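The values are calculated or read from the model by the stated rules, or taken from the named source; none is laboratory data. Not measured: the values here are computed from a predicted model. Positions of Cβ are generated from backbone atoms using ideal geometry, with glycine treated the same way; all protein chains shown enter the neighbour counts.
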Amino acid sequence: MTQADLTTPDAPYLDVADPTFSIRSAEVMAARDASWYARTPYGLAALRYDDVQKLLRHPKLRQGSYRWPAHSGVTGGIFAQWWESMLLSQEGDTHARLRRMANPAFSPKLITDLRPKFQALANRLIDQFAAKGECDFIADFTEPYATGVICDLLGLPFEKWRELADIAGEMGLALGVTFKQDLPIVEAATARLLAYAEELVAARRAEPSDDFIGTLVKANADKSQLSDQELLDMIVLAIFGGIDTTRNQIGLAMAMFIEHPEQWALLADQPDLAKAAVEEVMRVRPTVTWVTREATEDFTYNDLPIAAGTTVHLFSQAACSDPAVFANPDFDITADRKPHFGFGGGAHHCLGHFIARGDMTEALKLLAQRLRNPRFNGTVEWLPDSGNTGAISMPIAFDPS
C-alpha cells in the first residue's frame with residue numbers, strides 16, 4: 001500500500017513526482033477548491049491556508065523531510081546519510097541541542113553588523129555587468145551574492161565562491177523531484193563539501209577563531225555537546241542551506257518583478273519597500289514550495305483519519321494564494337498580508353531566516369535602483385516547478401541607471 005492509498009479515494013490526486021508537474025498549475029488550484037487536501041505519491045498534501053497553518057504546528061506531526069531520500073527511492077549513500085542525521089531532520093532534545101549550537105551565527109544583531117557587507121557585495125557584483133545592460137542574473141549575481149554572504153557569515157575566503165556555489169547547486173538537485181536520476185552528481189558534490197568541512201575544522205583547530213566554525217570546533221571539545229560527525233554535518237548544512245535557497249529565491253524574485261514591471265518601478269522609487277518585497281515574493285513564488293511533516297501516531301484531522309507514518313506535505317505555494325484568506329492574491333509589495341510559510345514554522349522554523357531576509361532585502365533594494373526596466377533576454381532554464389525550485393540560468397536585459 002502506498003501513502004497515496006491511506007486517504008479517501010475521492011480526494012483529488014496530484015502527481016507531484018512528475019518533473020513536468022507545476023505547483024502553480026490550474027490543477028492544483030482546482031484541487032484546493034474541491035478539497036482541503038490532495039493525495040500524492042508521497043502522502044497527503046494540505047492545500048488551504050488555515051489547514052497549513054494548523055498542521056505546521058500540530059502536536060502529532062514531526063518534521064518529515066528526513067524521509068525525502070526514501071520517498072525518492074534513495075535508500076543509501078553519502079547525501080542520504082548526511083540528510084537523515086543533520087539538524088533539520090532531528091527532533092526533541094537532539095534537535096534543541098544542535099539548534100543551540102547554531103543560534104549565535106544567525107542572530108538579529110548579526111544582520112545589523114553584516115548589512116554594510118551585503119550592500120558592498122551587491123554593488124561590487126552589479127558593477128561588473130551594469131554598463132553592459134545585460135547579464136545572466138543567476139551566474140552573474142545570485143550565485144556569487146548568496147555564496148559571498150555565506151563566506152562573510154562563516155569566515156570563509158570569498159575566492160572560494162565559485163567552487164562552493166557549484167557544490168551547492170549540485171547538492172540542491174537532491175531537493176527536487178528528479179533526485180534519483182541526479183544521484184551521482186549529488187553524491188559527488190556532498191563528498192566534496194564534507195571534505196571541505198574537514199579542512200575547515202583542521203584549520204580552526206590549528207588556529208582557533210571566534211567565528212561560527214571556530215565556535216563549533218570549540219564546542220566539539222566536549223563530545224556530549226557536539227560530536228565529530230555533528231560538527232561536520234552542521235558546517236555542511238550552513239554552507240549548503242545558505243547558498244542554495246537564497247540563490248534560488250532571489251532569482252525567483254527577479255522573475256516575479258519582470259512579470260510585474262510596475263512593482264519593480266515602485267520598489268526603485270521607494271527602496272524602503274524592499275523588506276515587504278521579500279515577504280511578498282516568498283508568498284507568491286517561494287523556492288521551498290512545500291513544508292513536510294510526518295504523523296507520529298494515528299489521529300484524525302477534519303474528519304480524516306491519518307495513520308502514523310503518513311507524510312503530510314504543506315503546500316505553501318497553494319496556501320498563500322488561497323482566496324478564502326487572500327481576497328486579492330495578486331503580487332503587490334504594498335499589500336498588508338498574513339504571514340507566508342516560506343521559512344516553515346514551529347520548532348523547525350528556518351534557523352537562517354534573519355540572514356535570508358536581511359541579505360535579500362539589501363539585494364532587491366540595490367538591484368531595483370540600479371537595473372531599470374529588467375526583462376528576459378533569452379530562454380530561462382528552470383528546475384522542476386515543485387519541491388525546491390528556481391532558475392538554473394536567467395538571461396536578462398535592463399536599462400542601466
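Would you confirm, using the coordinates I've provided, whether I355 is buried (at least 20 other Cβ atoms within 10 Å of the Cβ), of a type outside the set (D, E) and modelled with pLDDT of 95 or more? Taking the combined requirement at face value, the residue does not satisfy it. Of all residues in region 18-43, those that are out of contact with any Asp or Glu (no Cβ under 9 Å at 6 or more places or on another chain), within 24 Å of S85 (Cα to Cα) and not hydroxyl-bearing (S, T, Y) total 0.
Quick check, is L114 more than 18 Å from D399 (Cα to Cα) and either exposed (fewer than 15 other Cβ atoms within 10 Å of the Cβ) or over 19 Å from the mean Cα position of the chain (by Cα) (or both)? Taking the combined requirement at face value, the residue satisfies it. Of all the listed residues (T215, T245, T292, T287), the sole one being more than 28 Å from D136 (Cβ to Cβ), in contact with a strand residue (DSSP E or B) (Cβ under 8 Å, 6 or more places away or on another chain) and not small (G, A, S) is T292.
Please state which one of S72, S85, S107 is crowded, with 20+ Cβ neighbours inside 10 Å, of a type in the set (S, T, Y) and within 22 Å of the chain's Cα centre (by Cα).
Going through S72, S85, S107 in turn, the sole match is S72.
For (1) without any contact (Cβ under 8 Å) to a residue 60 or more places away in the chain; (2) closer than 28 Å to A195 by Cβ; (3) not in a helix (DSSP H, G or I), each residue gets a yes or a no:
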{"position": "W82", "(1), (2), (3)": "no, yes, no"}
{"position": "R97", "(1), (2), (3)": "no, yes, no"}
{"position": "R100", "(1), (2), (3)": "yes, yes, no"}
{"position": "K117", "(1), (2), (3)": "yes, yes, no"}
{"position": "I126", "(1), (2), (3)": "no, no, no"}
{"position": "P144", "(1), (2), (3)": "yes, yes, no"}
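The condition (being assigned to a loop (DSSP other than H, G, I, E, B) and either at pLDDT 90 or above or not acidic (D, E) (or both)) is satisfied by just one residue among V28, V74, V52: V74. Across region 146-199, the qualifying residues are those that are part of a helix (DSSP H, G or I) and touching a strand residue (DSSP E or B) at 6+ places or on another chain (Cβ under 7 Å), and the one among them that is modelled with the highest pLDDT is G172. Scanning region 57-71 for residues that are in contact with a helix residue (DSSP H, G or I) (Cβ under 6 Å, 6 or more places away or on another chain) and part of a helix (DSSP H, G or I), we see that the one that is nearest to S85 (Cα to Cα) is Y66. For first residues located in region 381-395 and without any contact (Cβ under 8 Å) to a residue 40 or more places away in the chain and over 18 Å from S65 (Cα atoms), partners that are crowded, with 18+ Cβ neighbours inside 10 Å and among the aliphatic types (A, V, I, L, M) and lie 6+ apart or on another chain with Cβ distances below 8 Å form the pairs E381/A391; E381/M394; W382/A391.
Residue-by-condition table, conditions (1) closer than 26 Å to D15 by Cα; (2) in a strand (DSSP E or B); (3) of a type in the set (S, T, Y):
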{"residue": "A238", "(1), (2), (3)": "no, no, no"}
{"residue": "G241", "(1), (2), (3)": "no, no, no"}
{"residue": "L252", "(1), (2), (3)": "yes, no, no"}
{"residue": "L267", "(1), (2), (3)": "no, no, no"}
{"residue": "A274", "(1), (2), (3)": "no, no, no"}
{"residue": "T292", "(1), (2), (3)": "yes, yes, yes"}
{"residue": "V312", "(1), (2), (3)": "yes, yes, no"}
{"residue": "A318", "(1), (2), (3)": "yes, no, no"}
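The requirement of being in a helix (DSSP H, G or I), at pLDDT 90 or above, over 16 Å from T389 (Cα atoms) and hydrophobic (A, V, I, L, M, F, W, C) is not satisfied by I138. Taking first residues from region 236-253 that are under 13 Å from L383 (Cβ atoms) and partners that are acidic (D, E) and in a helix (DSSP H, G or I), the Cβ contacts under 8 Å between residues at least 6 apart in sequence or on separate chains come to R247/E143. Mind checking whether some residue in region 369-378 is at pLDDT 95 or above, among the small types (G, A, S), more than 17 Å from T289 (Cα to Cα) and assigned to a helix (DSSP H, G or I)? So far as region 369-378 goes, no, none of its residues is at pLDDT 95 or above, among the small types (G, A, S), more than 17 Å from T289 (Cα to Cα) and assigned to a helix (DSSP H, G or I).
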